[in-house]
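As structure tokens, the structure follows; a few thoughts come after it.
The values are calculated or read from the model by the stated rules, or taken from the named source; none is laboratory data. All values derive from a computational prediction rather than experimental measurement. Glycine gets a Cβ as well: all are built from the backbone with ideal geometry, and neighbour counts include every protein chain shown.
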Amino acid sequence: MSEAGAAAVTLARAAPEARRRHALGRLAGRNRLAIVGALALLLAVSAALLAPWLPLADPDAVDTPNRLRPPLTAGHTLGTDEFGRDLLARLVWGARVSLTAGALSAAAAMLIGVALGVLGGFYTGWIETVVMRLTDILMAFPYVLLAIAIVAGLGPGLRNAMVAIAIVGFPFYTRLVRGVVLSLREREFVEAARALGASDAVILGRHVLPHLLSPVIVAFSLDVGAKILATAGLSFLGLGTQPPTADWGSMLATGRQFVILSPHVVLLPGLAIFVIVLALNLVGDALRDLLDPRVG
Amino acid sequence: MRRYLARRLLLLVPVLAGVSVIIFMVLHLAPGDPAEIMLGSQATREDLARLRADLGLNEPLHVQYLHWIGHVARGDLGRSLWMKRAVLGEVLTRFRATLLLTATALVLSTTIGVALGVAAATRPNSLLDRLSAVASLFGASMPSFWLGIVLMVVFALRLGWLPASGMYAPHGGGDLGDLLSHLVLPAVTLAAASVTIVARLTRSAMLDTLGQDYVRTARAKGVSDRAVVLRHGLGNALVPIVTVVGVQAGYLLGGAVLTETVFAWPGVGTLMVQGILARDFPLVQGCVLVVALSFVLVNLGVDLLYAWLDPRIRYE
């Protein structure tokens, strides 16, 4: 082989190698970001869990002479709000509310959505029709609008806001799961199990559900962030958490009136939502790269 | 195309029926007597009886629904308990403001998003491509109401370049320039997240089409780069782009509630939130109905646009 030919072969071999290395490098780079995201999440979750034992001020203790102090004031690392309440303490206690609300409403949406998706995908006939028409109709509403309308009916409050967000959110899982179940139903191993006389419960439990795990985990990890944003949005409108309890959305809403004099009362809770949702999205993206072979 | 249109219009009927049932049920979700919830604990027995009779709350549920939907079909959305006016007129006036805001945001997010997406797809892994990837991650993570407040603090309160809230200046305003200057901040806030979504999707759709054989053939024929990207690339990537723009239209219609609240924009969103806090159910139902209806029509428009862009869809 001529020198040029050998060089061409080496180049041809090197190209996919380089591409693979490039892809791996990108994955590692993304994962580095995902690790930073996971650490931020871990910090927020442990702070929220350990809030009662942390050396924090009382989040509801009013101290009007010290109202709207800027960050780095003695005794108030992140300053105080319009009633002189310690902002760091309120942010940490608010994290408990915001993170729980996001995770619980996403979990409820996932459970309802997966159950209906499995039913709608596995059983043809009227069950499928009912499930799919219900999701179609719910998806015929703009997402936020329907959540607001449901809260309007149930009455403002955090629990009702979470119920509303779960109702609005489940069709997303139903669609996803039904698609996967529809394709699984036709696969040979399901037919084989049926031929061997396995009951529906066994087929669903042993052969269908395990295949749903990774798409649902990926969807859930990305959804928690969206649900935190949604609950914060409802609280911002005054339809979620009611005073004196604070979550990040309601802190933003009440701080708005003081934004000219003390921007920190608005900037800090907004930044908290942003960082946590960003962290969740980074972790979710990395999980998708890891679990979904079609991506990357 | 006519048969397709007829079929799509026919399919609207069950969707609209479902939407109306859900909106009607909203009033009856709350445990307890809707009349008591609306009028509060201080209402007299006569007031409660009058409201129940007005809204037909003593009838069975399906009769109430038929009564309500019959009125809705005739354009009667009831009277607002709080404003003591017909709901329809009030909602339509406010809806114009919402439509202006949403349409402006949609135009912004589509033009900027598609341009960014095309630029990123023609130069993958360039600085612009990476910046747009970071921006899309930020866009998906940032609460829009917070972004609105930050923009308001910077551009209205600190720099004084733009008005902070409302639709017109309270004194001496009212012309087009005044309206446009009030529109900038809310429209940018509302469009921000959508821009990044449209850009990312345009990028991936363009990368798909630019990798096709016909694009290589076009290049081999010596077609100019510009024509390859615009005619063969973008032209064939339009169906997924139209899909995402349609989804964004719905997202913007709903998301407008938050943006309107931040900027005190006199749209249907702020009206609805005021209605909820005042427990004015006819008003809330009217707002939801009008927005949901327009969302259904937007989706219909998107479907028709598909069929026009890709004739194969008509014959499925």
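A few points about this structure:
- As a summary of the residue check, B:Met272 satisfies the conditions (1) touching a residue at least 24 places away in the same chain (Cβ under 8 Å); (2) within 8 Å of chain A (Cβ to nearest Cβ) except for the one numbered (1).
- Scanning region B:275-316 for residues that are within 10 Å of chain A (Cβ to nearest Cβ) and not in a helix (DSSP H, G or I) turns up B:Arg279, B:Asp280.
- Matching residues in region A:22-50 - criterion: being modelled with pLDDT under 85 and not charged (D, E, K, R): A:His22, A:Ala23, A:Leu24, A:Gly25, A:Leu27, A:Ala28, A:Gly29, A:Asn31, A:Leu33
- Qualifying residue in region A:273-291 (condition: within 12 Å of chain B (Cβ to nearest Cβ), free of Cβ contacts under 8 Å to residues at least 60 places away in the same chain and either part of a loop (DSSP other than H, G, I, E, B) or in contact with a Ser or Thr (Cβ under 7 Å, 6 or more places away or on another chain) (or both)): yes
- When residues in region A:233-269 are screened for being closer than 29 Å to A:Ile217 by Cβ and surrounded by fewer than 24 Cβ atoms within 10 Å (Cβ to Cβ), 0 of them pass.
- B:Leu101 vs. criteria in a helix (DSSP H, G or I), touching a residue at least 24 places away in the same chain (Cβ under 8 Å) and closer than 27 Å to B:Val290 by Cβ: yes
- Residue check: B:Asn125 meets all listed conditions (1) modelled with pLDDT under 85; (2) under 15 Å from B:Gly113 (Cβ atoms) but one, namely (2).
- Search result, residues across region B:124-136 that are in a helix (DSSP H, G or I), in contact (Cβ under 8 Å) with a residue 40 or more places away in the chain and not hydroxyl-bearing (Ser, Thr, Tyr): B:Asp129, B:Ala133, B:Ala135
- Filter result for A:Ile228 (surrounded by fewer than 17 Cβ atoms within 10 Å (Cβ to Cβ), within 14 Å of chain B (Cβ to nearest Cβ) and either of a type in the set (A, V, I, L, M) or assigned to a loop (DSSP other than H, G, I, E, B) (or both)): no
- Hits in region A:251-268 - residues which are more than 8 Å from every other protein chain (Cβ to nearest Cβ) and either in contact (Cβ under 8 Å) with a residue 40 or more places away in the chain or outside any helix (DSSP H, G or I) (or both): A:Met251, A:Thr254, A:Gly255, A:Gln257, A:Phe258, A:Leu261, A:Ser262, A:His264, A:Val265, A:Leu268
- Taking (1) in contact (Cβ under 8 Å) with a residue 24 or more places away in the chain; (2) surrounded by 13 or more Cβ atoms within 10 Å (Cβ to Cβ) in turn, A:Val202 satisfies each apart from (1).
- Residue list for region A:118-133, restricted to those being away from chain B (no Cβ under 12 Å) and either surrounded by 23 or more Cβ atoms within 10 Å (Cβ to Cβ) or not aliphatic (A, V, I, L, M) (or both): A:Gly120, A:Gly121, A:Phe122, A:Tyr123, A:Thr124, A:Gly125, A:Trp126, A:Glu128
- Region A:73-98, residues that are under 27 Å from A:Met162 (Cα atoms), touching a residue at least 40 places away in the same chain (Cβ under 8 Å) and of a type outside the set (Val, Ile, Thr): A:Asp81, A:Leu87, A:Arg90, A:Leu91, A:Trp93, A:Gly94, A:Ala95, A:Arg96, A:Ser98
- Hits in region A:134-150 (condition: under 26 Å from B:Ala278 (Cα atoms) and either more than 7 Å from chain B (Cβ to nearest Cβ) or not in a helix (DSSP H, G or I) (or both)): A:Leu138, A:Phe141, A:Pro142, A:Leu146, A:Ala147
- Residue check for B:Leu5: surrounded by 13 or more Cβ atoms within 10 Å (Cβ to Cβ) and within 19 Å of B:Val290 (Cβ to Cβ): no
- A count restricted to region A:138-165 and to residues that are under 18 Å from B:Thr261 (Cα atoms) and aromatic (Phe, Trp, Tyr) stands at 1.
- Residue satisfying condition, being in a loop (DSSP other than H, G, I, E, B), away from chain A (no Cβ under 14 Å) and touching a helix residue (DSSP H, G or I) at 6+ places or on another chain (Cβ under 7 Å), within set B:Leu77, B:Leu81: B:Leu77
- Number of residues in region A:232-249 that are at the interface with chain B (Cβ under 7 Å from one of its Cβ atoms), farther than 13 Å from A:Ile165 by Cβ and not in a loop (DSSP other than H, G, I, E, B): the value is 1.
- Subset tally (residues that are away from chain A (no Cβ under 14 Å) and either at pLDDT 85 or above or exposed (fewer than 12 other Cβ atoms within 10 Å of the Cβ) (or both)) for region B:27-48: 4
- Which listed residue is assigned to a helix (DSSP H, G or I), of a type in the set (Val, Ile, Thr) and buried (at least 21 other Cβ atoms within 10 Å of the Cβ), from B:Val91, B:Val63: B:Val91
- Those helices (runs of 4 or more DSSP H) of region B:143-256 in which 1 or more residues are away from chain A (no Cβ under 14 Å) and surrounded by 16 or more Cβ atoms within 10 Å (Cβ to Cβ) occupy B:176-210, B:213-221.
- Residue under evaluation B:Phe24, criteria (1) within 14 Å of chain A (Cβ to nearest Cβ); (2) hydrophobic (A, V, I, L, M, F, W, C); (3) loosely packed, with under 14 Cβ neighbours inside 10 Å, criterion not met: (3)
- Scanning region B:274-294 for residues that are within 21 Å of B:Ala191 (Cβ to Cβ) and either buried (at least 23 other Cβ atoms within 10 Å of the Cβ) or in contact with a Phe, Trp or Tyr (Cβ under 7 Å, 6 or more places away or on another chain) (or both) turns up just one, B:Val291.
- Screening B:Asn125 on (1) closer than 30 Å to A:Val259 by Cβ; (2) within 14 Å of chain A (Cβ to nearest Cβ) shows it passes everything except condition (1).
- When residues in region A:152-161 are screened for being part of a helix (DSSP H, G or I) and more than 7 Å from chain B (Cβ to nearest Cβ), 4 of them pass.
- Flag for A:Ala115 being out of contact with any strand residue (DSSP E or B) (no Cβ under 9 Å at 6 or more places or on another chain), within 14 Å of chain B (Cβ to nearest Cβ) and either of a type in the set (A, V, I, L, M, F, W, C) or part of a loop (DSSP other than H, G, I, E, B) (or both): no
- Flag if A:Arg159 is among the basic types (Lys, Arg), farther than 13 Å from A:Ala109 by Cα and buried (at least 21 other Cβ atoms within 10 Å of the Cβ): no
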